[in-house]
Protein chains: 2
Amino acid sequence: MSTLQKMSHFSFTDLLSESRKALNDLTHLAMDRRIRLAVTGLNQSGKTAFITSLIHQLLHGLGGANLPFFSVVAENRFLGAKTMLQPNMEIPAFRYDQFIATLTGNKPDFPRATDGLSEIRLAIRFQPSGMIAKQISPAATLYLDIVDYPGEWLLDLPLLDLSFKAWSDQLFAFCQEGPRERLSAAWLSALGELDGNGAADEETMRLVSQHFTRFLQDCRDQKTGLSYLQPGRFLIPGELKDAPLLTFCPMAHPGGVVGEGSFYEVMEKRFESYKDRVVRKFYQDHFSQFDRQIVLVDLQKALNHGPNSFNDMQNALQGILNSFSYGHSNLFTRLFQPKIDKLLFVATKADHVAANQHPNLERLLNRMVVRPANEAIFQGVEVKTLALSSVVCTQTVVRDHHGRRLSFVKGRPKGRDKEVMLFPGEIPESLPSSSDWEESRFNFLDFQPPTIVGGRSGQIPHLRMDQAIEFLLGDKVL
Amino acid sequence: MSTLQKMSHFSFTDLLSESRKALNDLTHLAMDRRIRLAVTGLNQSGKTAFITSLIHQLLHGLGGANLPFFSVVAENRFLGAKTMLQPNMEIPAFRYDQFIATLTGNKPDFPRATDGLSEIRLAIRFQPSGMIAKQISPAATLYLDIVDYPGEWLLDLPLLDLSFKAWSDQLFAFCQEGPRERLSAAWLSALGELDGNGAADEETMRLVSQHFTRFLQDCRDQKTGLSYLQPGRFLIPGELKDAPLLTFCPMAHPGGVVGEGSFYEVMEKRFESYKDRVVRKFYQDHFSQFDRQIVLVDLQKALNHGPNSFNDMQNALQGILNSFSYGHSNLFTRLFQPKIDKLLFVATKADHVAANQHPNLERLLNRMVVRPANEAIFQGVEVKTLALSSVVCTQTVVRDHHGRRLSFVKGRPKGRDKEVMLFPGEIPESLPSSSDWEESRFNFLDFQPPTIVGGRSGQIPHLRMDQAIEFLLGDKVL
């Protein structure tokens, strides 16, 4: 063999090996997937506990015992998961390390995150299921970014469709009934003293805006429990506290031409700035990047609060759904189309009612979010409802009660020292009619989390978290 | 006169009147001026009290009694001032309304603003002094935006000139002496266990970064009182708390080529992101818009703390000055040139020492900021030092003391019920030499503000606030 032949022979082998490596790398790259999963909830729905449990189930999913409905686990293709370096420089970390310590400590408690945006990245290693994929690449990675943000921000999106006048009219109408009528009195009285055509000054702007903010806070308050509250940053101001962006309120048009610098003109200008610099900015910087969205609700709390709170939650859920509907012809909603393809509504704390009530919980949530006639408009976005429990705090115990077999719930209610056994009552399977509310029928309790055996690396008992995970990630780990 | 003549006659008059009106409007426009005045201070220098007093003196300056050195007042050309609508949508309001209530209430106290940026706009009406200007326009308006921001942000600017390596080296050198040696021990020990070439994980990054943050907090602490602390957002995280931008620390280069994803590489990347997304962003969004800058320092506190704190303050002041010097050839510092043309260093709380010590206070500050040899490099930026008191809390009383006439200070020290008369000692007129520090020579006290007669609209006694105002605004109200 001549030197030349040798060289070319070696070169050919090298080339082949290099090519194989390159192909392998390329396949790896193709197999590695990314997904941004957004989690939000209406007022205190247990969002931090949900995300903490979700992460924990994935990190400790290798045993398989805990996630039977997550296909990649059931099919023995799950190779493990771990947390990665934070993906975005500006976005605070979701402090799983802190929250899991709170949840699994000696005195276990539900963790509570600070208000605002946070995120965490997990890497999930798995075996691809397809024959070809399996041969080329024995393992692939799904990079999962979980983004936690306040439900108030999601409820701001509908504002983009509203003019200042339309929004003001809507709010004034809301304030004519229910708890809003009483709670808005002080604000409306302060507003009534203003002449929309008068020259605006900052001190007066601030005064009526503070009244309006207090009205929103009172609506959200534990006692009232309303959900459909806008603008969201008035409730979570962060670094915008005292900024003009948060210093306005709805106002009736004073008639005629409103002059520059008048109260009405300044209110309207600030509302438009809020839409532009807060809502649209959230949409552009974050929302448009999400692949899938979870919305958590605490239905039992809404039922406890009675018809106003319950109907308001339904309004909020419908408002959210409208943001995802393609039937709408406006420019904004069409922007949603490309990214989010799955939307999961979750009724949390399912374990706070007896097991035989779980189907009703799910059915009720379903009734709230999907009006059958409108289902068509959600084509393209898969919408699912699920009742689950991030951390099971109770046991269902069936007992005879004066000749009837009833399902009781056993657990330690929040703020109490001892376990109790109680009959929390039934969840209506359809939207309660006005007569259903007559007696203060619903009185569901919150429970303390159990002590987790094994602490931080123990198993956290859950209900249907695996079904949620399968819906959200199943098609990405095939 | 023909119709045509009539018409043209009328038209000509109309035209003349229109032209005069336009000229008038134009002149008004030309006479109306805007100025953005930035106020910052090193660690607890009384910035909120200073700005509150500044606003108050201007709003109530019409009497003239209180601002003899403000030329527009002295020359009877001052027509009054008032607060205006907030100028920028995103920037929180400087809450003068709250602060003045705290300062002039029944139990007067010094107001304290929340950390972060805030601003307020005043309109100052005055008669122009020039003969021609006076004839064309009897009154002009100066729009004054006062911007309040943390000194930590100003101290971040020098970072733009430093590489991660240079910054790390500088910090490690700082940690070899003074209180930093002791306070950095825990952080340096945790850092020492890391291999710069090892694969970075978020939990470890967070751990060393938390140690480093605690070190910075301890340095700033009341007991230690250091000023030259970077990066500033580690001390005032706001909405960036737990974000990767604030999750790094200085690190020694491990040698060789550092791989992607190694601790050193991730630290360096985050440092560069901090420079880019925090420091440069502050520069672009805010600093580059400032016309004039005030830096407040509490010299007495630095003297109380001893040589380390005092020298550190001097380093901080020099660092700030370097950001303004044109001699520097780097790209960044040249960016300063167009805007800021006056820089005022203020020693606050002058009333906490006897009146005969005020000249020394000013001279000492002057020595700290202006090294005579370097004065030339500040051409183009007028630099001034001033000792003043935003709110006078004491009286100077001259008494015989064992045969010597000494100047005592009478007032109610912070946290005490009764007035005392004390001899706070002398302010050195030049930089203290090491022997000057021998005995714990300096022990200046903080005092409570006096009760203001007339409350919110009463006169707040001050020292040389008018000289500060004249320096900052005098040339804009001519």
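The values are calculated or read from the model by the stated rules, or taken from the named source; none is laboratory data. If you're wondering where the values come from, they're calculated on a predicted model, not measured in any experiment. Methodologically, a virtual Cβ is constructed for each residue, glycine included, from the backbone with ideal geometry; neighbour enumeration extends over all protein chains shown.
So for region A:84-100 (the condition being of a type in the set (A, V, I, L, M, F, W, C), part of a loop (DSSP other than H, G, I, E, B) and crowded, with 20+ Cβ neighbours inside 10 Å), does at least one residue qualify? Explain how you work it out, then say what you get.
Narrowing region A:84-100 to residues of a type in the set (A, V, I, L, M, F, W, C): A:84-85, A:89, A:91, A:93-94, A:99-100.
Now narrow it down to the ones that are part of a loop (DSSP other than H, G, I, E, B): A:84-85, A:89, A:91, A:94.
Those still in the list that are crowded, with 20+ Cβ neighbours inside 10 Å too: A:91, A:94.
So far as region A:84-100 goes, yes, one or more of its residues are of a type in the set (A, V, I, L, M, F, W, C), part of a loop (DSSP other than H, G, I, E, B) and crowded, with 20+ Cβ neighbours inside 10 Å.
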Selection from region B:47-61 of residues that are touching a residue at least 60 places away in the same chain (Cβ under 8 Å), assigned to a helix (DSSP H, G or I) and over 18 Å from B:L299 (Cα atoms): B:I51, B:T52, B:S53, B:L54, B:I55, B:H56, B:Q57, B:L58, B:L59
Would you please list the contacts, defined by Cβ atoms under 9 Å and residues six or more apart or on different chains, that run from a residue in region A:103-131 that is free of Cβ contacts under 8 Å to residues at least 12 places away in the same chain to a residue that is surrounded by 19 or more Cβ atoms within 10 Å (Cβ to Cβ) and of a type in the set (S, T, Y)? none
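For the subset of region A:243-258 comprising residues that are within 14 Å of chain B (Cβ to nearest Cβ) and part of a loop (DSSP other than H, G, I, E, B), which member is nearest to A:D115 (Cα to Cα)?
Residues of region A:243-258 that are within 14 Å of chain B (Cβ to nearest Cβ), as a first pass: A:243-248.
Those left that are additionally part of a loop (DSSP other than H, G, I, E, B): A:243, A:247-248.
Numbers: A:A243: 18, A:T247: 20, A:F248: 22 Å.
The selected residue is A:A243.
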For region A:102-115, which positions are within 14 Å of chain B (Cβ to nearest Cβ) and surrounded by fewer than 17 Cβ atoms within 10 Å (Cβ to Cβ)? A:T114, A:D115
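Is it true that some residue in region A:246-258 is among the hydroxyl-bearing types (S, T, Y), surrounded by 22 or more Cβ atoms within 10 Å (Cβ to Cβ) and in contact with a Ser or Thr (Cβ under 9 Å, 6 or more places away or on another chain)? Can you show your working first?
First pass over region A:246-258, keeping only residues among the hydroxyl-bearing types (S, T, Y): A:247.
Restricting the remaining residues to those that are surrounded by 22 or more Cβ atoms within 10 Å (Cβ to Cβ) gives A:247.
Right, trim to in contact with a Ser or Thr (Cβ under 9 Å, 6 or more places away or on another chain) and you get A:247.
Yes, there is a match, as at least one residue in region A:246-258 is among the hydroxyl-bearing types (S, T, Y), surrounded by 22 or more Cβ atoms within 10 Å (Cβ to Cβ) and in contact with a Ser or Thr (Cβ under 9 Å, 6 or more places away or on another chain).
For the condition at pLDDT below 90 and among the small types (G, A, S), what is the one hit in A:A302, A:A376, A:A350, A:A316? Break it down into steps so the answer makes sense when it comes.
Values: A:A302 fails: at pLDDT below 90; A:A350 fails: at pLDDT below 90; A:A316 fails: at pLDDT below 90.
None of the others qualify; the one that does is A:A376.
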Just a yes or no: is a residue in region A:402-420 assigned to a loop (DSSP other than H, G, I, E, B), touching a Pro at 6+ places or on another chain (Cβ under 8 Å) and surrounded by 18 or more Cβ atoms within 10 Å (Cβ to Cβ)? no
Just to be sure, is A:S288 part of a helix (DSSP H, G or I) and hydroxyl-bearing (S, T, Y)? yes
Against the condition within 15 Å of A:D312 (Cβ to Cβ) and hydroxyl-bearing (S, T, Y), how does A:S209 come out, does it pass? no
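For (1) modelled with pLDDT under 95; (2) assigned to a helix (DSSP H, G or I); (3) within 13 Å of chain B (Cβ to nearest Cβ), each residue gets a yes or a no:
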residue: A:P68; (1), (2), (3): yes, no, no
residue: A:V73; (1), (2), (3): yes, yes, no
residue: A:R121; (1), (2), (3): no, no, yes
residue: A:P128; (1), (2), (3): yes, no, no
residue: A:I132; (1), (2), (3): yes, yes, no
Condition met for B:L386 (in contact with a Ser or Thr (Cβ under 9 Å, 6 or more places away or on another chain), at pLDDT 85 or above and either in a loop (DSSP other than H, G, I, E, B) or buried (at least 16 other Cβ atoms within 10 Å of the Cβ) (or both)): no
Which one of A:L103, A:L159 is of a type in the set (A, V, I, L, M) and modelled with pLDDT of 95 or more? A:L103
Only unsatisfied item for A:L296, checking (1) at pLDDT 95 or above; (2) in a helix (DSSP H, G or I), is (2)
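Could you tell me which of the residues A:D221, A:D169, A:D201 is farther than 19 Å from B:N88 by Cα and over 27 Å from the mean Cα position of the chain (by Cα)?
On the way: A:D221 fails: over 27 Å from the mean Cα position of the chain (by Cα); A:D201 fails: farther than 19 Å from B:N88 by Cα.
Being farther than 19 Å from B:N88 by Cα and over 27 Å from the mean Cα position of the chain (by Cα) holds for just one of A:D221, A:D169, A:D201, which is A:D169.
Just to confirm my filter: which helices (runs of 4 or more DSSP H) fall fully inside region B:138-242 and include at least 1 residues that are among the β-branched types (V, I, T) and within 14 Å of chain A (Cβ to nearest Cβ)?
Values: elements: B:151-156, B:164-174, B:178-183, B:185-192, B:202-220.
The helices (runs of 4 or more DSSP H) meeting that bar are B:202-220.
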For residues that are more than 14 Å from chain A (Cβ to nearest Cβ) and out of contact with any strand residue (DSSP E or B) (no Cβ under 7 Å at 6 or more places or on another chain), scanning just region B:75-101, find the one that is farthest from B:G455 (Cα to Cα). B:E75
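If I filter region B:430-441 for residues that are assigned to a loop (DSSP other than H, G, I, E, B), under 17 Å from B:L361 (Cβ atoms), at pLDDT below 95 and under 24 Å from the mean Cα position of the chain (by Cα), do I get at least one hit?
Taking region B:430-441 first, the residues assigned to a loop (DSSP other than H, G, I, E, B) are B:430-433, B:438-441.
Applying the additional criterion that residues be under 17 Å from B:L361 (Cβ atoms) yields B:430-432, B:441.
Now restrict to residues that are at pLDDT below 95: B:430-432, B:441.
If we keep only those that are under 24 Å from the mean Cα position of the chain (by Cα) too, we end up with B:430-431.
Yes, region B:430-441 contains at least one residue that is assigned to a loop (DSSP other than H, G, I, E, B), under 17 Å from B:L361 (Cβ atoms), at pLDDT below 95 and under 24 Å from the mean Cα position of the chain (by Cα).
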Could you look through region B:263-287, keep only residues that are under 16 Å from B:G238 (Cβ atoms) and either of a type in the set (S, T, Y) or more than 12 Å from chain A (Cβ to nearest Cβ) (or both), and pick out the one that is surrounded by the fewest Cβ atoms within 10 Å (Cβ to Cβ)? B:D285
If you scan region B:242-263, which residues turn out to be over 30 Å from the mean Cα position of the chain (by Cα) and more than 22 Å from B:P158 (Cα to Cα)? B:P254, B:G255, B:G256, B:V257, B:V258, B:G259, B:E260, B:G261, B:S262, B:F263
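Name every residue in region A:393-444 that is hydroxyl-bearing (S, T, Y) and touching a Ser or Thr at 6+ places or on another chain (Cβ under 9 Å), in order of residue number. Steps first, answer last, please.
Step one: filter region A:393-444 for residues hydroxyl-bearing (S, T, Y), giving A:394, A:396, A:407, A:430, A:433-435, A:440.
Within region A:393-444, A:T396, A:S407 meet the criteria.
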